[in-house]
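The values are calculated or read from the model by the stated rules, or taken from the named source; none is laboratory data. What you see is a predicted model, and the numbers here were worked out from it, not measured in a lab. Because the Cβ atoms are built from the backbone with ideal geometry, glycine has one as well, and the counts that use them run over all protein chains shown. Just the protein is used for accessible areas: all its heavy atoms, side chains included, with ligands, DNA and RNA removed. Shrake-Rupley method; radii C 1.70, N 1.55, O 1.52, S 1.80 Å.
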Amino acid sequence: MGFWGYLTVGLAVDRALTGCPAEPLGDGWQLWKRPDHPDRPDHAGHPDHPEPDTPEPLTLDTLVHDLATETGAPALVAYVMEGDCALVTGAAPGGTAWTVCLGRPALAHYLAGTGLGLDELFPTPEAAAAHCAAWAEAAGRAADPVELKGVLAAGTAPLTGGAEGLFRELLARLGIGRGRPGPPPPTGEAPTAVRCEPW
């Protein structure tokens, strides 16, 4: 099954999240990828390990605010569900956090039977693009709301890298990382830690 876990992006020169290898994205931006349960390679369908619940927005708000405060720059935290869709929360230091979704068709499938619709829980792609564009401006990057809307309205597919591929495309449209994986993290001891726990 696909990846369950966190993709975290922040401006953290010479720093890293404990236990999470850092992927440089350029200009001091880094991406940290952490499975929801590092000792569990596969959640879905395992009788001893039920699938984790979708994190409440407050949890993601806390994570992104903590990182933005510690790094002194805007930050993003994405929670990926089975590689199909993701919740993305962003905030600038001292600012209000917002949450949007990636992979709307897949997320709608997860919500099937709950009686809730995507537009009841998350901004529309157009409104989500406005949040993302404001985040980019706070980060000193240039972003086109029309291009952002296209990414936020798109579905996911294995050939496009699923939710992680869509998240990287979102980063590219935000002016971060150019949508390409950065070089592998250096070997040896990690630099001074910010934190990766408690996730």
Candidate set from region 82-134 (those that are out of contact with any strand residue (DSSP E or B) (no Cβ under 6 Å at 6 or more places or on another chain), among the aliphatic types (A, V, I, L, M) and open to solvent by less than 20 Å² (accessible area, probe 1.4 Å)); member that is farthest from Y6 (Cα to Cα): A129
Pair list, Cβ < 8 Å and 6+ apart or interchain, from region 50-72 residues that are over 11 Å from A97 (Cα atoms) and in a helix (DSSP H, G or I) to residues that are of a type in the set (V, I, T) and modelled with pLDDT under 50: L67/V194; E70/V194; T71/V194
Selection within region 64-76 - at pLDDT below 95 and either buried (at least 23 other Cβ atoms within 10 Å of the Cβ) or β-branched (V, I, T) (or both): V64, L67, A68, T69, T71
Qualifying residues in region 135-147 (those that are in contact (Cβ under 8 Å) with a residue 60 or more places away in the chain and assigned to a helix (DSSP H, G or I)) - the one most open to solvent (accessible area, probe 1.4 Å): A138
Enumeration of residues in region 3-33 that are more than 15 Å from L87 (Cα to Cα) and at pLDDT below 90: L11, A12, V13, D14, R15, A16, L17, T18, G19, C20, P21, A22
